[in-house]
Amino acid sequence: MWHPIKHFVTITKHRHKVIAHCKKAGILWQGLRHDLSKYTPVEFIAGAKYYVGTRSPNEIERVKFGYSKAWLHHKGRNRHHFEYWQDAIPAEKKPLAPVEMPIKYVAEMFCDRVAASKIYKGKSYTDASAWEYYAPNRDRLPMHPKTKAVLEKWLLTLRDEGEEKAFALVKQEIKANIKNKG
(Lines give C-alpha, C1' and ligand atoms only; values in the text may rest on other atoms or scores of the structure.)
Protein backbone atom coordinates (compact mmCIF):
# COMPACT_ATOMS: atom_id res chain seq x y z
CA MET A 1 0.00 0.00 0.00
CA TRP A 2 1.31 3.46 -0.90
CA HIS A 3 1.11 6.07 1.92
CA PRO A 4 3.31 9.07 1.05
CA ILE A 5 1.31 11.59 3.10
CA LYS A 6 1.13 9.41 6.22
CA HIS A 7 4.84 8.63 5.90
CA PHE A 8 5.70 12.32 5.44
CA VAL A 9 3.65 13.24 8.53
CA THR A 10 5.28 10.46 10.60
CA ILE A 11 8.87 11.31 9.71
CA THR A 12 8.23 15.02 10.13
CA LYS A 13 6.62 14.53 13.56
CA HIS A 14 9.59 12.33 14.50
CA ARG A 15 12.08 14.99 13.35
CA HIS A 16 10.27 17.67 15.34
CA LYS A 17 10.42 15.52 18.49
CA VAL A 18 14.13 14.86 17.90
CA ILE A 19 14.73 18.59 17.43
CA ALA A 20 12.99 19.31 20.76
CA HIS A 21 14.98 16.59 22.49
CA CYS A 22 18.26 17.78 20.97
CA LYS A 23 17.48 21.27 22.25
CA LYS A 24 17.06 19.82 25.77
CA ALA A 25 20.38 18.01 25.33
CA GLY A 26 22.17 21.17 24.17
CA ILE A 27 22.73 20.01 20.57
CA LEU A 28 20.04 21.96 18.74
CA TRP A 29 22.06 22.30 15.50
CA GLN A 30 22.27 18.51 15.22
CA GLY A 31 18.56 18.26 15.83
CA LEU A 32 17.84 20.69 13.01
CA ARG A 33 19.85 18.51 10.61
CA HIS A 34 18.54 15.21 11.99
CA ASP A 35 17.35 12.61 9.44
CA LEU A 36 17.15 14.95 6.46
CA SER A 37 18.11 11.96 4.29
CA LYS A 38 14.64 10.49 4.98
CA TYR A 39 13.29 13.01 2.47
CA THR A 40 15.58 11.77 -0.34
CA PRO A 41 13.97 9.56 -3.00
CA VAL A 42 15.65 6.28 -2.00
CA GLU A 43 14.48 6.58 1.60
CA PHE A 44 11.19 8.40 1.13
CA ILE A 45 9.80 6.13 -1.60
CA ALA A 46 10.56 2.98 0.42
CA GLY A 47 9.07 4.62 3.52
CA ALA A 48 5.86 5.49 1.71
CA LYS A 49 5.65 2.09 0.04
CA TYR A 50 6.15 0.05 3.25
CA TYR A 51 4.48 2.42 5.70
CA VAL A 52 2.49 0.74 8.50
CA GLY A 53 2.58 3.49 11.14
CA THR A 54 3.58 1.35 14.11
CA ARG A 55 7.15 0.44 13.14
CA SER A 56 9.86 1.41 10.72
CA PRO A 57 9.13 0.80 7.03
CA ASN A 58 12.74 -0.37 6.80
CA GLU A 59 11.77 -3.46 8.80
CA ILE A 60 9.05 -4.29 6.28
CA GLU A 61 11.42 -3.75 3.34
CA ARG A 62 14.02 -5.95 5.07
CA VAL A 63 11.51 -8.79 5.50
CA LYS A 64 10.51 -8.56 1.84
CA PHE A 65 14.01 -8.44 0.30
CA GLY A 66 16.40 -9.62 3.02
CA TYR A 67 17.86 -6.12 3.31
CA SER A 68 16.65 -2.54 3.25
CA LYS A 69 18.07 -0.30 0.56
CA ALA A 70 16.60 2.69 2.40
CA TRP A 71 18.35 1.69 5.66
CA LEU A 72 21.70 1.13 3.94
CA HIS A 73 21.41 4.64 2.50
CA HIS A 74 20.26 6.12 5.83
CA LYS A 75 22.88 4.62 8.14
CA GLY A 76 25.67 5.62 5.79
CA ARG A 77 24.72 9.30 6.00
CA ASN A 78 23.63 9.78 9.60
CA ARG A 79 26.31 9.75 12.28
CA HIS A 80 23.82 9.24 15.11
CA HIS A 81 23.50 5.57 14.11
CA PHE A 82 26.07 3.26 15.66
CA GLU A 83 26.13 1.30 12.40
CA TYR A 84 27.77 4.34 10.78
CA TRP A 85 30.69 3.87 13.17
CA GLN A 86 32.08 0.61 11.81
CA ASP A 87 35.59 0.52 10.38
CA ALA A 88 38.34 -1.88 9.40
CA ILE A 89 40.71 -2.36 12.33
CA PRO A 90 43.90 -3.91 10.90
CA ALA A 91 45.62 -4.13 14.32
CA GLU A 92 42.80 -6.35 15.59
CA LYS A 93 42.65 -8.29 12.30
CA LYS A 94 38.94 -7.65 12.03
CA PRO A 95 37.35 -6.71 8.72
CA LEU A 96 34.85 -4.44 10.50
CA ALA A 97 34.64 -3.46 14.12
CA PRO A 98 32.69 -0.85 16.09
CA VAL A 99 34.44 2.46 16.72
CA GLU A 100 33.67 4.62 19.74
CA MET A 101 31.15 7.30 18.80
CA PRO A 102 31.72 10.95 19.69
CA ILE A 103 29.46 11.84 22.61
CA LYS A 104 27.42 14.38 20.62
CA TYR A 105 26.30 11.61 18.24
CA VAL A 106 25.51 9.26 21.12
CA ALA A 107 23.34 12.08 22.49
CA GLU A 108 21.56 12.44 19.15
CA MET A 109 21.07 8.65 19.05
CA PHE A 110 19.49 8.84 22.51
CA CYS A 111 17.20 11.69 21.39
CA ASP A 112 16.31 9.68 18.27
CA ARG A 113 15.41 6.57 20.26
CA VAL A 114 13.24 8.49 22.70
CA ALA A 115 11.45 10.32 19.87
CA ALA A 116 10.91 7.11 17.88
CA SER A 117 9.45 5.43 20.96
CA LYS A 118 7.04 8.32 21.44
CA ILE A 119 5.94 8.25 17.79
CA TYR A 120 5.52 4.47 17.46
CA LYS A 121 4.07 3.85 20.96
CA GLY A 122 1.74 6.86 20.93
CA LYS A 123 -0.42 7.04 24.05
CA SER A 124 1.12 3.86 25.47
CA TYR A 125 4.57 5.53 25.65
CA THR A 126 6.27 5.57 29.06
CA ASP A 127 9.77 6.61 30.09
CA ALA A 128 10.63 2.91 29.99
CA SER A 129 9.65 2.49 26.31
CA ALA A 130 13.03 3.35 24.75
CA TRP A 131 14.81 0.93 27.12
CA GLU A 132 12.24 -1.80 26.49
CA TYR A 133 12.79 -1.49 22.74
CA TYR A 134 16.57 -1.49 23.10
CA ALA A 135 17.10 -4.13 25.83
CA PRO A 136 16.08 -7.38 24.08
CA ASN A 137 18.79 -6.97 21.42
CA ARG A 138 21.46 -5.11 23.37
CA ASP A 139 23.89 -8.04 23.56
CA ARG A 140 23.80 -8.55 19.80
CA LEU A 141 24.39 -4.96 18.74
CA PRO A 142 27.82 -4.30 17.20
CA MET A 143 28.36 -1.15 19.23
CA HIS A 144 31.61 -0.01 20.85
CA PRO A 145 31.55 -0.89 24.58
CA LYS A 146 32.06 2.73 25.68
CA THR A 147 29.30 3.95 23.36
CA LYS A 148 26.99 1.22 24.62
CA ALA A 149 27.73 2.06 28.26
CA VAL A 150 26.87 5.74 27.76
CA LEU A 151 23.68 5.02 25.82
CA GLU A 152 22.53 2.46 28.39
CA LYS A 153 23.23 4.82 31.29
CA TRP A 154 21.04 7.48 29.67
CA LEU A 155 18.26 5.04 28.73
CA LEU A 156 18.21 3.65 32.27
CA THR A 157 18.20 7.15 33.75
CA LEU A 158 15.20 7.94 31.56
CA ARG A 159 13.47 4.74 32.63
CA ASP A 160 14.21 5.07 36.34
CA GLU A 161 14.34 8.83 36.96
CA GLY A 162 12.37 10.41 34.12
CA GLU A 163 12.93 12.63 31.14
CA GLU A 164 14.00 15.76 32.98
CA LYS A 165 16.84 13.96 34.80
CA ALA A 166 17.89 12.04 31.71
CA PHE A 167 18.22 15.10 29.47
CA ALA A 168 19.98 17.04 32.23
CA LEU A 169 22.51 14.19 32.47
CA VAL A 170 23.01 14.09 28.69
CA LYS A 171 23.58 17.84 28.55
CA GLN A 172 25.97 17.73 31.52
CA GLU A 173 28.04 14.92 29.98
CA ILE A 174 28.27 16.67 26.60
CA LYS A 175 29.52 19.84 28.33
CA ALA A 176 32.03 17.84 30.40
CA ASN A 177 33.29 16.11 27.28
CA ILE A 178 33.79 19.42 25.47
CA LYS A 179 35.56 20.90 28.51
CA ASN A 180 37.89 17.88 28.79
CA LYS A 181 38.85 18.08 25.12
CA GLY A 182 39.42 21.85 25.18
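Between Glu83 and Lys123, what is the FRET efficiency for a Förster distance of 30 Å, r being their Cβ-Cβ separation, to the nearest 0.05?
0.50
So what is the relative contact order of the chain, in percent, for Cα pairs below 8 Å that sit 6 or more residues apart?
Once divided by the residue count of the chain, the mean separation gives 21 percent.
Which value in nm describes the separation of the simple spin-label points at Trp29 and Ala135, placed 7 Å from the Cα toward the beta carbon?
3.7 nm
Counting heavy atoms of the protein chains only and a 1.4 Å probe, report the per residue accessible area for the chain as a whole number of Å².
That works out to 58 Å² for each residue.
Taking the alpha-carbon centroid of each part, what is the distance from segment 146-182 to segment 31-62 in angstrom?
28 Å
Below 19 Å, Cα to Cα, which lysines can Lys104 reach? Residues fewer than 8 away in the same chain don't count.
Within the straight-line cut-off, Lys104 pairs with Lys17, Lys23, Lys24, Lys75, Lys146, Lys148, Lys153, Lys165, Lys171, Lys175, Lys179, Lys181.
Hey, if we sort Asp127, Asp139 by accessible area with the 1.4 Å probe, largest down, what's the order?
Of Asp127, Asp139, the descending order of accessible area is Asp139, Asp127.
At 1.4 Å probe size, with no ligands or nucleic acids counted, give the accessible surface of Lys6 in Å², nearest ten.
110 Å²
So what does His73 come to for accessible area, using a 1.4 Å probe and Å² rounded to 10?
Probe radius 1.4 Å; accessible area of His73 about 40 Å².
Kindly identify segment 1-90 as rounded, prolate or oblate by the Cα gyration tensor criterion: order the square roots of the eigenvalues as a ≥ b ≥ c, call it rounded if a/c is under 1.5, otherwise compare a/b with b/c, prolate if a/b is larger, else oblate.
Note, shape of segment 1-90 comes out oblate.
Within the chain, what's the longest stretch lacking chymotrypsin sites (Phe, Trp or Tyr not before Pro) that sit in DSSP loops with no more than 11 other Cβ atoms inside 10 Å?
68-182
How many nm separate the modelled label positions at Lys93 and Ile178, each set 7 Å beyond the Cα in the direction of the Cβ?
Reported label-point gap for Lys93 and Ile178 is 4.3 nm.
When only Cα pairs under 8 Å and 6 or more residues apart are kept, what is the percent relative contact order across segment 126-167? Intermediate values should be presented prior to the final figure.
Details: 21 pairs, mean separation 23.6, N = 42.
Relative contact order comes out at 56 percent.
I want to check the label-to-label distance for Glu161 and His16. Put each point 7 Å from Cα in the C-beta direction and report it in nm to one decimal.
Once both label points are built, they end up 3.1 nm from each other.
Leaving out ligands, DNA and RNA, what percent of the accessible area of segment 53-165 is carbon and sulfur, probe 1.4 Å?
Working: 3380 of 6460 Å².
Percent of accessible area from carbon and sulfur atoms in segment 53-165: 52.
The values are calculated or read from the model by the stated rules, or taken from the named source; none is laboratory data. In this text the structure is predicted, and so the values were computed from the model without any measurement. Don't worry about glycine lacking a Cβ; one is built from the backbone with ideal geometry, like all the others, and counts go over all protein chains shown. When the accessible area is computed, the model is the full protein with side chains, heavy atoms only, and any ligands, DNA or RNA have been set aside. Shrake-Rupley method; radii C 1.70, N 1.55, O 1.52, S 1.80 Å.
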